[in-house]
Each structure stands twice: as C-alpha cells, then as structure tokens.
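The block underneath contains the structure these notes are about, expressed in structure tokens.
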Amino acid sequence: MNPTLQIWLPPMLTLLGTLIAVIFAAWLNNRFMEAKIDTLRAEMRQGFAELRLEFHTALSGFAHRLERVEERLGSVQK
C-alpha cells in the first residue's frame, strides 16, 4: 500500500463515518419533527372544531333571545 494512502486513509474513513452518522441523525430528527407537526395540526383542527361548536351554540342562544325580544316588542306595540 502506498505510504501516502496509509496516512490519509484513517482520516478519510473517520470523515466518512462522521458524515454517515450526521446524515442519519438529521434523518431521525426530520422524522420526529414531521410527527410532531402532524400532532400539532390534529390538535389545531380539533381546537377549531370546538371553537366552531361553541360559536354556533352561542349564536343559536343569541338568536333565540332575539326572537323572544322581538316577540315581546311585537306584543307591546300591538
């Protein structure tokens, strides 16, 4: 084996191993973050659904109250 190659081979193998480890760690981190984002999206959708339900319930209550007020005003004006 060439003496120059013997000098450079260990650092190059170390560099290659480090590169593989870094790429693998980045891939794992990316998978973890995608799962976390999907979880947050699901929670956000659920939160919006709950807000829509609360809004609809409150709006229905206000509409019912308004109908009662209109009925009272109508009976008072007659």
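Just so you know, all these numbers are worked out from the coordinates, no wet-lab data involved. Given the structure is predicted, the values throughout are model-derived calculations rather than measurements. Glycine also receives a Cβ, built like all others from the backbone with ideal geometry; neighbour counts cover every protein chain displayed.
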How far apart, in nm, are the 7 Å Cα→Cβ label points at Glu34 and Glu67? 5.0
Going by alpha carbons, how many degrees (0 to 90, nearest 10) lie between the helix axis of 3-77 and the longest principal axis of the chain? 0
What is the Cα coordinate range of the chain on the first, second and third principal axes, sorted by size from largest, in whole angstrom? 112, 14, 8
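Given a Förster distance of 35 Å, report the FRET efficiency between Asn2 and Ala25 from their Cβ-Cβ distance, rounded to the nearest 0.05.
Numbers: r = 34 Å, r/R0 = 0.96.
E(calc), rounded to 0.05, equals 0.55.
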